[in-house]
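The values are calculated or read from the model by the stated rules, or taken from the named source; none is laboratory data. These numbers come from a predicted model, not from an experiment. FYI the Cβ positions are ideal-geometry reconstructions off the backbone, even for glycines, and counts take in every protein chain you see.
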Amino acid sequence: MRNFFIILIMKILNVILKICGKHGGNFLGKVAYKWNPKIFKYFKVNCPVIAVTATNGKTMTNNAIGYVFKTAGKKVVSNTEGNNMETGILSTILKNCTLTGKIKADYLVFEVDEGYVPVVFKDFPLDTLVVLDFFRDQLDRNGEVESLILKINEFLKTYSNNLVLNADDPNVARLGKANPDNKNVYYFSVDKYDFATTEQKEAGEGKFCPFCKTRLEYEYYQYSHIGKFKCPNCGYGDNPIYKLGTEVDLKNRTFKVDGVTYKIRFNSIYNIYNLTAVIACVSLYNMDTDVIKEALSKFVLNNGRLEEVKVRGVPTIINLAKNPTGSNVSLRILNEDDEEKELLFVLNDNIADGFDVSWIWDINFDNLNNVSRIVTSGTRAYDIAIRIKTSGYDANKIEPYLDLHEAVENLYKTDVKKYVIANYTALQPTRKELKL
Amino acid sequence: MKELKILYLYPDILELYGDFGNIQILKYRLEKRGIKANIIRYSIGDEAPDFKDYDLVFAGGGADQEQSILAEDLIKYKDNIKEAVDSGVFFLLICGAYQLFGKYYKGVEGNVIPGLDVFPYYTEAINDRKKRCIGNIVIDVNLNGKETKVIGFGNHGGQTYDVDTPFGKVLYGNGNKFGDDNEGFFLKNVIATYLHGPLLSKNPELTDFIIKYSLDRKYNEDTVLEPLDDTFENLCRKQLLNRFLTETKNNP
């Protein structure tokens with residue numbers, strides 16, 4: 001009875017929020033969870049529940065999986081706005097369930113914060129878990145990445161449903177061994193792409209074998225520590241691949257899986273990994289290849305995740321980057337583009353960003369390709385200016401402005417193509433300043 | 001061409017908090033002045049270095065787990081490192097490296113990782129794994145009679161005891177322990193500190209102090225360093241000192 005009333009009150013609250021024109025975010029979930037932390041048990045789910053977790057790429061992969069199902073005409077309930085902690089997921093469920101806790105959908109697809117997988121799915125069924133990558137991320141808030149991995153590993157010891165894992169991230173692939181009896185582990189991988197390197201170019205984790213502590217050997221690195229690795233001592237790294245991305249062509253935005261060519265709207269190796277994960281995941285639900293092809297050819301994100309727009313008539317590419325790998329991926333795209341361009345980097349150090357900005361020194365600013373000017377802004381505009389200057393970029397071409405409005409006005413003094421990188425709390429104010 | 005020979009310890013392991021930036025900054029400020037930065041990296045499995053051969057030794061902080069792997073390796077060089085310290089080689093040690101050069105590090109589970117015992121301090125983790133000294137830090141430092149403020153960022157669980165000669169007086173944030181007035185460890189040729197940021201990024205005066213010491217010692221002269229354009233650094237310092245030190249006054 002108690003849960004019935006909690007849901008009833010949340011439904012009423014939701015109506016009030018809607019009347020007030022508020023989206024609510026994770027508010028409903030926050031209230032309901034406080035009332036009954038075991039409320040997840042109450043819901044009746046009669047469809048597959050899919051979750052995506054990672055340091056980077058959760059929102060994109062989650063939304064793309066949902067988009068494929070929708071393209072197939074299925075009803076999908078998903079937290080597409082990125083509210084990915086237990087309260088955010090609960091909010092999504094509360095908005096889409098009946099008073100008796102029934103959720104009417106063909107698929108539930110959730111992005112889940114790395115730290116909250118065990119919290120949410122302790123009391124809620126999970127059919128497929130997709131794990132993309134683990135990178136260092138806001139160390140002062142999240143702690144070291146190893147402790148997060150150990151938590152998920154612990155959860156997986158008793159989990160025996162589908163597990164879709166990135167075979168090229170040693171910290172992800174290791175999760176496949178958490179429960180040796182699980183027969184439903186599916187690895188995805190992507191063939192070496194044109195800009196892969198034999199030396200690691202960007203900061204990364206997973207230098208040592210998680211099983212025997214021997215230094216891992218890499219045949220090549222795609223980006224950060226993602227690549228073809230193997231432990232020379234115990235052989236870890238040689239996993240059977242369920243879906244392999246091949247013939248990656250970033251210029252024409254195509255790649256192949258199982259011989260089928262997919263035309264996509266993204267141009268980074270990082271997204272090829274995410275989309276290969278999407279294909280692996282939806283293939284477990286027998287989605288038709290033509291449906292997947294159609295869905296991926298249309299799928300875009302308009303929330304500052306590699307968003308391509310025109311601002312004041314000038315082509316502008318915006319990407320959220322809240323950690324070194326996110327930034328390095330953006331700079332890879334910038335460097336793989338030979339056209340002249342200018343860069344705006346907005347760096348804040350608010351609570352949600354982490355107060356520590358030393359991670360910007362893990363961004364590889366070496367040898368920027370045809371960047372004629374860099375404008376910096378945010379509460380740490382000078383820190384990022386110092387960082388870029390030290391990498392050898394001409395200090396005379398760097399303009400720091402604490403004030404974002406001033407920064408954007410100065411950025412658009414020229415009509416050269418723009419790349420915009422903004423960290424977490426900087427992204428929306430930047431988009432607003434760009435009138436998006 | 002003058003040069004400084006810099007030994008960069010465990011660059012692939014002690015690299016979690018952007019401390020690599022210190023090496024980049026040293027290189028930048030040396031090369032801008034026409035001095036060669038000869039940086040030699042050493043990590044597990046490499047040929048043993050002779051620490052006395054170098055002008056400057058640098059090591060940063062890393063992940064807890066990986067740090068214990070390298071502690072076993074580093075201890076092989078204990079005597080050689082002591083000789084190098086005594087002979088005046090400059091040591092810049094951040095966070096985990098700071099701890100490793102002391103007597104020991106006692107972890108949360110009571111496990112003791114023996115240190116190099118080069119310096120007399122020791123470090124013990126707090127029982128609560130979640131409690132760490134995290135946040136921005138400003139300290140007052142005396143560099144050869146010149147007072148300067150050093151800005152950085154701390155993130156450590158270990159509490160370091162028995163430091164007789166601290167690096168600086170804490171003006172904002174945590175020191176060697178929660179709420180400690182003292183931060184780091186300081187000798188004429190050693191700076192060991194918890195400050196990331198990276199440390200040298202916002203403190204050009206400190207960087208030049210280290211460079212000058214190393215050049216003076218190597219070339220046996222009183223080096224005058226050519227001034228560099230520190231516009232960004234000065235703006236950054238002004239902004240952050242104002243922000244942090246005003247915050248302290250408002251929230252004592």
Taking A:Arg215 as the residue in question, decide whether it is within 14 Å of chain B (Cβ to nearest Cβ) and at pLDDT 95 or above. no
Mind checking whether some residue in the stretch B:51-58 is within 14 Å of chain A (Cβ to nearest Cβ), out of contact with any Asp or Glu (no Cβ under 6 Å at 6 or more places or on another chain) and touching a residue at least 60 places away in the same chain (Cβ under 8 Å)? no
Six or more apart or on different chains, Cβ under 6 Å: which pairs go from a residue in the stretch A:205-233 that's assigned by TED's automatic domain parsing to the domain that holds A:Asn171 to one that's among the aliphatic types (A, V, I, L, M)? Could you list them? A:Glu205/A:Val145; A:Cys209/A:Leu216; A:Tyr220/A:Ala196; A:Gln222/A:Ala196; A:Gln222/A:Ile269; A:Tyr223/A:Ile269; A:Phe229/A:Leu216; A:Cys231/A:Leu216
Answer yes or no: is there a residue in the stretch A:409-425 that is in contact with a Gly (Cβ under 9 Å, 6 or more places away or on another chain) and within 14 Å of chain B (Cβ to nearest Cβ). no
Conditions (1) touching a residue at least 40 places away in the same chain (Cβ under 8 Å); (2) surrounded by fewer than 16 Cβ atoms within 10 Å (Cβ to Cβ); (3) assigned to a loop (DSSP other than H, G, I, E, B); number of the one not met by B:Arg129: (1)
Considering B:Ala84, B:Ala71, B:Ala37, which residue is assigned to a strand (DSSP E or B) and not β-branched (Val, Ile, Thr)? B:Ala37
Only residues that are on the phi > 0 side of the Ramachandran plot and among the small types (Gly, Ala, Ser): list them for the stretch A:231-277, please. A:Gly235, A:Gly237, A:Gly259
Applying the selection to the stretch B:15-34, what residues are surrounded by fewer than 19 Cβ atoms within 10 Å (Cβ to Cβ) and not in a helix (DSSP H, G or I)? B:Lys32, B:Arg33, B:Gly34
Output for the stretch B:90-125, where each listed residue is under 22 Å from B:Lys169 (Cα atoms) and in a loop (DSSP other than H, G, I, E, B): B:Cys95, B:Phe101, B:Gly102, B:Phe119, B:Pro120, B:Tyr121
(1) loosely packed, with under 15 Cβ neighbours inside 10 Å; (2) over 19 Å from the mean Cα position of the chain (by Cα); (3) of a type outside the set (A, V, I, L, M): which one isn't true of A:Glu308, the others all being true? (2)
Find the residue count for the stretch A:250-264, including only residues that are closer than 23 Å to A:Asp288 by Cα and either surrounded by fewer than 16 Cβ atoms within 10 Å (Cβ to Cβ) or not aliphatic (A, V, I, L, M) (or both). 10
For the stretch A:349-374, name all the residues that are more than 13 Å from chain B (Cβ to nearest Cβ) and at pLDDT 95 or above. A:Leu368, A:Asn369, A:Asn370, A:Val371, A:Ser372, A:Arg373
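So is A:Asn166 more than 30 Å from A:Phe365 (Cα to Cα) and more than 14 Å from every other protein chain (Cβ to nearest Cβ) or not? Before the answer, list the steps.
Details: more than 30 Å from A:Phe365 (Cα to Cα): no; more than 14 Å from every other protein chain (Cβ to nearest Cβ): yes.
In short, no.
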Restricting to the stretch B:11-30, and then to whatever is in contact with a strand residue (DSSP E or B) (Cβ under 8 Å, 6 or more places away or on another chain) and modelled with pLDDT of 95 or more, can you tell me which residue is farthest from the other protein chains (Cβ to nearest Cβ)? B:Leu30
Does at least one position in the stretch A:194-209 carry a residue that is in a loop (DSSP other than H, G, I, E, B), within 11 Å of chain B (Cβ to nearest Cβ) and on the phi > 0 side of the Ramachandran plot? yes
Surrounded by fewer than 21 Cβ atoms within 10 Å (Cβ to Cβ), among the acidic types (Asp, Glu) and touching a Pro at 6+ places or on another chain (Cβ under 7 Å): does that describe A:Asp127? yes
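Residues are listed down the side, and each one gets a yes or a no for (1) under 28 Å from A:Phe355 (Cα atoms); (2) of a type in the set (Lys, Arg); (3) at pLDDT 95 or above:
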position	(1), (2), (3)
A:Lys44	no, yes, no
A:Ile65	no, no, yes
A:Phe69	no, no, yes
A:Val76	no, no, yes
A:Gly82	yes, no, no
A:Thr87	yes, no, no
A:Val130	no, no, yes
Of (1) more than 14 Å from A:Val346 (Cβ to Cβ); (2) away from chain B (no Cβ under 14 Å), A:Asn396 satisfies all except one. Which? (2)
In the stretch A:5-22, how many are in a helix (DSSP H, G or I) and either free of Cβ contacts under 8 Å to residues at least 60 places away in the same chain or not assigned by TED's automatic domain parsing to the domain that holds A:Glu86 (or both)? 10
Single match in A:Leu368, A:Leu344 (criterion: in contact with a Ser or Thr (Cβ under 9 Å, 6 or more places away or on another chain), crowded, with 24+ Cβ neighbours inside 10 Å, not small (Gly, Ala, Ser) and not in a helix (DSSP H, G or I)): A:Leu344
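Take residues that are within 14 Å of chain B (Cβ to nearest Cβ) and out of contact with any strand residue (DSSP E or B) (no Cβ under 8 Å at 6 or more places or on another chain) and tell me which of the helices (runs of 4 or more DSSP H) falling wholly in the stretch A:64-147 contain 1 or more.
Numbers: elements: A:86-95, A:117-120, A:139-142.
Per the criteria, A:139-142.
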I'm told A:Gly25 meets every condition in (1) touching a residue at least 60 places away in the same chain (Cβ under 8 Å); (2) in a loop (DSSP other than H, G, I, E, B); (3) of a type outside the set (Asp, Glu); (4) surrounded by 17 or more Cβ atoms within 10 Å (Cβ to Cβ) except one. Can you identify the failing condition by its number? (4)
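Among the candidates A:Ile292, A:Ile318, single out the residue that is within 16 Å of the chain's Cα centre (by Cα) and buried (at least 19 other Cβ atoms within 10 Å of the Cβ). Write out each step before concluding.
Details: A:Ile292 fails: within 16 Å of the chain's Cα centre (by Cα).
Being within 16 Å of the chain's Cα centre (by Cα) and buried (at least 19 other Cβ atoms within 10 Å of the Cβ) holds for just one of A:Ile292, A:Ile318, which is A:Ile318.
Which residue, of A:Phe188, A:Phe155, is in a helix (DSSP H, G or I) and at pLDDT 95 or above? Steps first, answer last, please.
Working: A:Phe188 fails: in a helix (DSSP H, G or I).
The conditions single out A:Phe155.
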From the list B:Phe51, B:Phe91, B:Phe119, pick out the single residue that is among the aromatic types (Phe, Trp, Tyr) and more than 30 Å from B:Gly135 (Cα to Cα). B:Phe51
Quick one: A:Tyr401 ticks every box in (1) closer than 30 Å to B:Glu15 by Cβ; (2) within 13 Å of chain B (Cβ to nearest Cβ); (3) surrounded by fewer than 24 Cβ atoms within 10 Å (Cβ to Cβ) except a single one, so which number is it? (1)
Take the residues in the stretch B:127-148 that are within 14 Å of chain A (Cβ to nearest Cβ) and touching a strand residue (DSSP E or B) at 6+ places or on another chain (Cβ under 8 Å); name whichever of them is farthest from A:Ile351 (Cα to Cα). B:Val138
